[in-house]
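Worksheet: the structure to be examined is printed underneath.
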Amino acid sequence: MRDYLLTLCVTAAVTYLLTGPVRKFAIATGAMPEIRARDVHHEPTPRLGGIAMFFGLCAGLLVADHLQNLNGVFELSNEPRALLSGAALIWLVGVLDDKFEIDALIKLGAQMIAAGVMVMQGLTILWIPVPGVGMVSLTDWQGTLLTVALVVITINAVNFVDGLDGLAAGMVCIAAAAFFLYTYRIWYGYGIEAAAPATLFSAILIGMCVGFLPHNMHPGRIFMGDSGSMLIGLVLAAGAISVTGQVDLDALKIFEGSSREATHAALPVFIPLLLPLTIIAIPFADLVLAVVRRTWNGKSPFAADRGHLHHRLLEIGHSHSRSVLIMYFWSALIAFGVVAYSVHSASMWILLIVVMLSAVGLVLLLLPRFTPRVPLWAQPFVPPRYRRRARVPEGQEAQEGQEPGEAGEPGAAVAAGEVATGAPRAPHGEHTHVPAGVNGATALSAHSRFPDRRKAGSRP
């Protein structure tokens, strides 16, 4: 565990330190695409964050190769080299796309070629577990087809969810953390050395995401772009392929007893295939809803719009950061719930906890629909957005240093729909202009639910 943590920290440090220079490089080379109609940011932001993440990957593999307890992964297996080869190819295509906007079919072909490169070097699915049957060996073309499909689906799922600052990196980090716990349990708990590469890949992936997130959280100073989203999707898929297709799960001695017992016991072995799907779960639901919504309105299913899940979270009143945290919550609930079930599949407590946390998630999701009425004595103990503010008469400005709520009648609440900035309410049908980026709620309209808290003279 100590060596894995050291590898993780080195990967995170290299990624974090290189992201700043990479941002300057992206600005200098003009890798700042124009804002599209469906984007939620308001200023051109540099991409190419995947450059720092790729060098973090290289640093993590290099450090692991020189650690005594992890050196055997490179001596006994060719999987780390296969991962590096496929990652280099997909990363190069992503860098070109961030700069020159490559056609989608070309990127799809590059993803398939990167998966084929890994297959040629031994990182492929050799067999799959089947409940009630055991391990079923796959032919070469079957294993290749399944490997390529898993890589392409995972890469595009991560790319699809990259819609808000810090969303893709955080969700992949959560899935990688859950995957690390599962693979480490197989490697250390059962003594199966073939699970060591997948454990290493998960630790490095966590480091890549942790190192990049401080630069990408809202307001993001740099985006990972396709060079980053496709890269971390490939690493996540490589870990799942390694532990699923390379580890002989008969060594776990779970396929014993009757067919019914074997089917129940074999369920946890599908976790390596299910964990990457935790990234796909939310985007897939978003995709299905988008197709239904567009066809119902008589539009093409491929027509871009602003009706995705993260757009809807912003629309109902969540800030940018809170929308990301809500999606983090659901990703963690799915990923760690699946891992917990794999450890204690017969426990009903796990199911009850997941149900209770799901109810909590629904309450958090609907919070903007409620308007809490905080008593005066409790106002100093709640966030400013929940405090009552008084109206300021037209033409009268609050004196310098006056706290919100002191002007006008004490304890008077802001009228419904009025922007609580101390300014008079705008005429009907007009919105008070608020600079872009305030609280993240200006993504869908020209007004914000919350005041502009910038100090006078600050940059917009």
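The values are calculated or read from the model by the stated rules, or taken from the named source; none is laboratory data. Keep in mind the model is a prediction, meaning the values are calculated, not measured. Note: ideal-geometry Cβ built from the backbone for every residue, glycine included; neighbour counts use all protein chains shown. Remember, those area values only see protein heavy atoms, side chains included, never the ligands or the DNA or RNA. Shrake-Rupley method; radii C 1.70, N 1.55, O 1.52, S 1.80 Å.
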Within region 83-101, the residues that are open to solvent by 60 Å² or more (accessible area, probe 1.4 Å) and among the acidic types (D, E) are E101
Counting only residues in region 186-233 that are among the hydroxyl-bearing types (S, T, Y) and closer than 19 Å to T19 by Cα, the one farthest from the chain's Cα centre (by Cα) is identified as S227
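Residue-by-condition table, conditions (1) modelled with pLDDT of 95 or more; (2) more than 21 Å from N216 (Cα to Cα); (3) not in a helix (DSSP H, G or I):
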residue: T15; (1), (2), (3): yes, no, no
residue: M32; (1), (2), (3): no, no, yes
residue: I35; (1), (2), (3): no, no, yes
residue: D39; (1), (2), (3): no, no, yes
residue: P46; (1), (2), (3): no, no, yes
residue: M53; (1), (2), (3): yes, no, no
residue: N69; (1), (2), (3): no, yes, yes
residue: G72; (1), (2), (3): no, yes, no
Scanning region 88-106 for residues that are over 20 Å from M32 (Cβ atoms) and either touching a strand residue (DSSP E or B) at 6+ places or on another chain (Cβ under 6 Å) or not hydrophobic (A, V, I, L, M, F, W, C) (or both) gives D103
- Task: Can you confirm whether region 129-138 contains a residue that is open to solvent by 40 Å² or more (accessible area, probe 1.4 Å), more than 23 Å from A194 (Cβ to Cβ), modelled with pLDDT under 90 and not hydroxyl-bearing (S, T, Y)?
- Result: no
Item to check | Any chance L164 is buried (at least 20 other Cβ atoms within 10 Å of the Cβ) and at pLDDT below 90 | outcome: yes
Restricting attention to region 79-128, the residues that are within 17 Å of P197 (Cβ to Cβ) and not hydrophobic (A, V, I, L, M, F, W, C) number exactly 8
Checked region 195-224 for anything in contact (Cβ under 8 Å) with a residue 60 or more places away in the chain and open to solvent by 10 Å² or more (accessible area, probe 1.4 Å); matches are I206, V210, P214, H215, M217, H218, P219, G220, R221, F223
Item to complete: For A110, indicate whether it is of a type in the set (G, A, S) and more than 29 Å from L17 (Cβ to Cβ).
Response: no
Exception for L273 within (1) open to solvent by less than 40 Å² (accessible area, probe 1.4 Å); (2) of a type outside the set (G, A, S); (3) at pLDDT below 70; (4) not in a loop (DSSP other than H, G, I, E, B) falls at (1)
